[in-house]
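Down below is the structure, laid out as structure tokens.
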Amino acid sequence: MKDNAVSSDLSGKRILLVIGGGIAAFKSLDLIRRLRERGASVRAVLTKAGAEFVTPLSVSALTEDKVYTDLFSLTDEAEMGHIQLSRQADLVVVAPATADLIAKMAHGHANDLASTVLMATDKRVLIAPAMNVRMWDHKATQRNLTTLQGDGVLVAGPNEGAMACGEFGPGRMAEPLEIVTAIERAFAVSQPLSGKRAIVTSGPTHEPIDPVRFIGNRSSGKQGHAIAAALAGQGADVTLVTGPVALPDPAGVETVHVETAREMLAAVEAALPADIAVCAAAVADWRVADEADQKLKKEEGKTLPTLNLTENPDILKAVSRHPSKRPDLVVGFAAETEKVEEHAAAKRSRKGCDWILANDVSPQTGTFGGDRNAVTLISDTGSVPWPAADKADIANRLAAEISAHFAPGTDKSPLEVAE
Ligand code: PMT
């Protein structure tokens, strides 16, 4: 079953939906449908009590994904640990948020999957409370709610009306479309790069020797793709120009596939103008000058073929020094194996980019192709080493630095927003 998108408001957004145990849980099924209609992907955590009201099967059918129910399920932990579950979302939504779940959140309990995910998340959380009117009015609930709001948790509803228990008053969970509106609003305020265009390069380039052989490198595209996704998550309109990689195209990002440096340059130039350019691709510095039309033959007694190399265009330099369409902020990477910072700083001034992320790519770091990276951000104002982290975290931090750079009223120094 594929949903037809009725609006692109939430397209590419990843929602982690925690379904608590209340009669309103049945409305969460409609909420899933409404979110998916708008292009969001929904992953669900169903509490034990929630499963008394809706079945894992119906939730799974609507999310078209596995439903996560148990903290100590070895398969769940092996496939997707609770930390990952909470991190691989743009927003966590708790609907229905029962009095018990709200209390657990306010007091930091983590004794089941839902509460553990809520403790472990570094993403924003929106709750849609649903409970009996007296429970809602109870001082403990109101206290807990004040605590959560102080923690930055967003609240949608509840509504006033007749309740399943026969009483009347506030406590009915907000309607699915009202929750959707609150979610859209949450994204609108957390999208500092909305209205900005960004170009990101990623992956290696392959420079043909003959029709079947090429010069390449070990770049996987993980870093560049994560940056494209992070910028899109901050609301930027992103074009990702990628060399050959084995990764899926990031959701909500226009992705252009190329092979060679020259194709990459053409695709980047076609994507200009932009406000931001981030060149994370490991572009081959050289290509074979006289690429063979036919496969080179290994022949007995013949001299070995010689590869004559010629220099490739420098994409980062071309963008940084573009005569008419230079983006406001150009960010490069410098992959170095020695004197990392010194070489990176020299590269920054030679190529003319604003910021450069100095990257130690010595074999022991495992940076090329691996999941983690350690960089130093070098700008006009100095250099800031970032602690080693997952490439997704490096990407999120870079996106946050870029957002801060464009925020009105800041002095645009990346050092100011560094931790
Ligand atoms: O892809 P992963 O496996 O996730 O690994 C990530 C990474 C190590 C590839 C990435 O973090 C990184 O460091 N990318 C830059 C790799 C590189 O080629 O660096 P460089 O020092 O050779 O080039 C400096 C800068 O100029 C880079 O921004 C590069 O994109 C750019 N460049 C280089 C040559 C060229 N012809 N055109 C360019 O635009």
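The values are calculated or read from the model by the stated rules, or taken from the named source; none is laboratory data. For clarity, every value in this text was computed on a predicted model and none was experimentally measured. All Cβ positions, glycine included, derive from the backbone under ideal geometry; neighbour counts span all protein chains shown.
Out of segment 233-259, which residues are crowded, with 19+ Cβ neighbours inside 10 Å and over 30 Å from Ala186 (Cα atoms)? Selection gives Thr242, Gly243, Val258. I'm trying to understand the selection: among the residues of segment 309-322, which are away from the ligand (no atom under 11 Å from the Cβ), part of a loop (DSSP other than H, G, I, E, B) and touching a strand residue (DSSP E or B) at 6+ places or on another chain (Cβ under 8 Å)? Result: no residue meets the conditions.
Restricting Asp100, Asp112 to those that are acidic (Asp, Glu), modelled with pLDDT of 95 or more and buried (at least 17 other Cβ atoms within 10 Å of the Cβ) reduces the list to Asp100. For the criterion of being near the ligand (Cβ under 8 Å from one of its atoms) and surrounded by 16 or more Cβ atoms within 10 Å (Cβ to Cβ), Asn396 fails. Suppose we filter segment 90-115 for residues that are under 16 Å from Gly150 (Cβ atoms) and part of a helix (DSSP H, G or I); how many remain? Going through segment 90-115 one residue at a time, the tally reaches 5.
Under the condition of being in a loop (DSSP other than H, G, I, E, B), among the aliphatic types (A, V, I, L, M) and farther than 11 Å from Phe26 by Cβ, the residues counted in segment 41-58 number 1. Per the conditions (1) outside the structural domain of Ala404 (by TED's automatic domain parsing); (2) crowded, with 23+ Cβ neighbours inside 10 Å, the sole criterion not satisfied by Ala182 is (2).
Just one of the numbered conditions (1) within 7 Å of the ligand (Cβ to nearest atom); (2) at pLDDT 95 or above; (3) over 21 Å from the mean Cα position of the chain (by Cα); (4) not acidic (Asp, Glu) is not true of Phe333: (3). Condition check: buried (at least 21 other Cβ atoms within 10 Å of the Cβ), within 25 Å of Ala156 (Cα to Cα) and at pLDDT below 90. Does Leu85 satisfy that? Spelling it out, Leu85 is indeed buried (at least 21 other Cβ atoms within 10 Å of the Cβ), within 25 Å of Ala156 (Cα to Cα) and at pLDDT below 90. Of all residues in segment 279-288, none are near the ligand (Cβ under 10 Å from one of its atoms), part of a helix (DSSP H, G or I) and not charged (D, E, K, R). Please verify whether segment 337-344 includes one or more residues that are within 9 Å of the ligand (Cβ to nearest atom), in contact with a Lys or Arg (Cβ under 6 Å, 6 or more places away or on another chain) and not hydroxyl-bearing (Ser, Thr, Tyr). So far as segment 337-344 goes, no, none of its residues is within 9 Å of the ligand (Cβ to nearest atom), in contact with a Lys or Arg (Cβ under 6 Å, 6 or more places away or on another chain) and not hydroxyl-bearing (Ser, Thr, Tyr). When Lys391 is tested against the conditions (1) of a type in the set (Lys, Arg); (2) touching a Leu at 6+ places or on another chain (Cβ under 7 Å); (3) within 30 Å of Arg87 (Cα to Cα), the lone failure is (2). Which residues, taken from segment 19-32, are touching a helix residue (DSSP H, G or I) at 6+ places or on another chain (Cβ under 9 Å) and touching a residue at least 60 places away in the same chain (Cβ under 8 Å)? Hits for segment 19-32 are Ile19, Gly20, Gly21, Gly22, Ala25, Lys27, Ser28, Asp30, Leu31.
The criterion of at least 3 residues that are away from the ligand (no atom under 13 Å from the Cβ) and within 24 Å of Ala407 (Cα to Cα) is met, among strands (runs of 3 or more DSSP E) falling completely within segment 171-268, by 237-242.
Results for (1) of a type in the set (Gly, Ala, Ser); (2) within 12 Å of the ligand (Cβ to nearest atom); (3) in a strand (DSSP E or B); (4) surrounded by 15 or more Cβ atoms within 10 Å (Cβ to Cβ), shown as yes or no for each residue.
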{"site": "Ser324", "(1), (2), (3), (4)": "yes, no, no, no"}
{"site": "Pro327", "(1), (2), (3), (4)": "no, no, no, yes"}
{"site": "Ala346", "(1), (2), (3), (4)": "yes, yes, no, no"}
{"site": "Cys353", "(1), (2), (3), (4)": "no, yes, no, yes"}
{"site": "Phe368", "(1), (2), (3), (4)": "no, yes, no, yes"}
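A search for C-beta distances below 8 Å between a residue of segment 128-156 that is among the charged types (D, E, K, R) and any residue that is surrounded by fewer than 19 Cβ atoms within 10 Å (Cβ to Cβ), counting only pairs 6+ apart in sequence or on different chains, returns Arg134/Glu167; Asp137/Gly169; Asp137/Pro170.
So which residues in segment 137-158 are at pLDDT 85 or above, out of contact with any Asp or Glu (no Cβ under 7 Å at 6 or more places or on another chain) and within 19 Å of Val93 (Cα to Cα), if there are any at all? Give the steps one after another, and end with the answer.
First, the residues of segment 137-158 that are at pLDDT 85 or above: 137-149, 153-158.
Subsequent filtering for residues that are out of contact with any Asp or Glu (no Cβ under 7 Å at 6 or more places or on another chain) retains 137-149, 153-155, 158.
Of everything in segment 137-158, those that are at pLDDT 85 or above, out of contact with any Asp or Glu (no Cβ under 7 Å at 6 or more places or on another chain) and within 19 Å of Val93 (Cα to Cα) turn out to be Thr141, Asn144, Leu145, Thr146, Thr147, Leu148, Gln149, Val153, Leu154, Val155, Pro158.
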